[in-house]
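Working notes for the structure below.
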Amino acid sequence: MEKQYLLFDLDGTLTDPMAGITRSVQHALRAYGIEEPDLKKLCPFIGPPLKDSFMTYYHFPEAQAEEAIGKYREYFSVTGIFENRVYDGIEKILNQLKERGKILVVATSKPEEFAVRILDHFGLSRYFDHICGASMDEKRVKKGEVIRYALERAGIRDCSEALMVGDREHDVIGARENQMECLGVLFGYGTREELEKAGADWIVETVEDMGRWLLQ
């Protein structure tokens, strides 16, 4: 694997944020009189920009969806942010990649402030040269925009030397928008059909498969 620069999604790729994200969505919906006791039904919120998800899955008008993000953050910023776990084997892979001289970057649609706090909490920040995320004001939130920002931060001019690694179609589409290849992973929250339809260049099933592929 000749790529020098590896960009990683966060949610569903490095960590499993299911409990924290879904409980935060649950909290936000409750503010509008919507009770959703089944957290699994809220898993589609993991990955895409929150505003898009509130509009798509609960048909919120744009202004209400933007307001709902504030309700979501009431819970997430205090409690949900740490209701999360690092996938088994991830830290070992990151360490091996760094030992091989790879430049590692996080590119997530989660607000950058939250991404830094999560990676600091789990002791993963030290593996990344840059941690890049969405802006809190939602002006930079689409995956393609975040990836472009990450490329600029890392000083990457030749995108053929970079690879995006992620679990959702947004990672693939964002990579395509920036003339990058993308490795899709199936241990997160996207399906093989979703990743294939989006045009993922390669797909792996497990964390171990991802490690073998990146370290080959």
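The values are calculated or read from the model by the stated rules, or taken from the named source; none is laboratory data. Fair warning: this is a prediction, and the values are worked out from it, not measured in the lab. A quick note on method: Cβ atoms are made from the backbone with ideal geometry, for glycine too, and the neighbour counts reach across all protein chains shown. Note: accessible area is taken over every heavy atom of the protein model, side chains too, but ligands, DNA and RNA are not part of it. Shrake-Rupley method; radii C 1.70, N 1.55, O 1.52, S 1.80 Å.
Residue by residue through the stretch 187-206, note down the ones that are more than 26 Å from I156 (Cα to Cα) and in a helix (DSSP H, G or I). Give the derivation first.
Filtering the stretch 187-206 for residues more than 26 Å from I156 (Cα to Cα) gives 187-194, 196-197, 205-206.
Scanning the stretch 187-206 gives R192, E193, E194, E196, K197.
So which residues in the stretch 136-148 are within 19 Å of L163 (Cβ to Cβ), out of contact with any strand residue (DSSP E or B) (no Cβ under 6 Å at 6 or more places or on another chain) and either open to solvent by less than 20 Å² (accessible area, probe 1.4 Å) or not in a helix (DSSP H, G or I) (or both), if there are any at all? Please lay out each step first, then the result.
Step one: of the stretch 136-148, the residues within 19 Å of L163 (Cβ to Cβ) are 143-148.
Applying the additional criterion that residues be out of contact with any strand residue (DSSP E or B) (no Cβ under 6 Å at 6 or more places or on another chain) yields 144-145, 148.
Within the stretch 136-148, G144 is the sole residue that qualifies.
State the number of residues belonging to the stretch 27-56 that are hydroxyl-bearing (S, T, Y) and either more than 19 Å from the chain's Cα centre (by Cα) or over 27 Å from I173 (Cβ atoms) (or both).
Our first condition is that a residue be hydroxyl-bearing (S, T, Y); within the stretch 27-56, this holds for 32, 53, 56.
Add one more test, that the residue is either more than 19 Å from the chain's Cα centre (by Cα) or over 27 Å from I173 (Cβ atoms) (or both), and what stays is 32.
Of the residues in that region, 1 qualify.
When the residues of the stretch 52-76 are narrowed to those that are in contact (Cβ under 8 Å) with a residue 24 or more places away in the chain and open to solvent by 80 Å² or more (accessible area, probe 1.4 Å), which ends up farthest from M18 (Cα to Cα)?
The qualifying residue farthest from M18 (Cα to Cα) is E66.
Which residues, taken from the stretch 149-186, are within 16 Å of K102 (Cα to Cα), free of Cβ contacts under 8 Å to residues at least 24 places away in the same chain and in a helix (DSSP H, G or I)?
Matches in the stretch 149-186: C159, S160.
So, in the stretch 77-112, exactly how many residues are out of contact with any helix residue (DSSP H, G or I) (no Cβ under 7 Å at 6 or more places or on another chain), under 23 Å from T22 (Cα atoms) and surrounded by 15 or more Cβ atoms within 10 Å (Cβ to Cβ)?
4
For the subset of the stretch 2-47 comprising residues that are touching a Phe, Trp or Tyr at 6+ places or on another chain (Cβ under 9 Å) and at positive phi, which member is modelled with the highest pLDDT?
It comes out as G12.
State all residues of the stretch 162-177 that are open to solvent by less than 10 Å² (accessible area, probe 1.4 Å) and farther than 19 Å from F45 by Cβ; if no residue qualifies, say none. So that I can check it myself, show each step before the final result.
Keep residues of the stretch 162-177 that are open to solvent by less than 10 Å² (accessible area, probe 1.4 Å), which gives 162-167, 171-172, 174-175.
Result: A162, L163, M164, V165, A175.
Can you spot a residue in the stretch 2-15 that is polar (S, T, N, Q) and surrounded by fewer than 17 Cβ atoms within 10 Å (Cβ to Cβ)?
There is at least one residue in the stretch 2-15 that is polar (S, T, N, Q) and surrounded by fewer than 17 Cβ atoms within 10 Å (Cβ to Cβ).
Out of all the residues in the stretch 157-203, which are of a type in the set (K, R) and touching a Phe, Trp or Tyr at 6+ places or on another chain (Cβ under 8 Å)?
Scanning the stretch 157-203 gives a single hit, R168.
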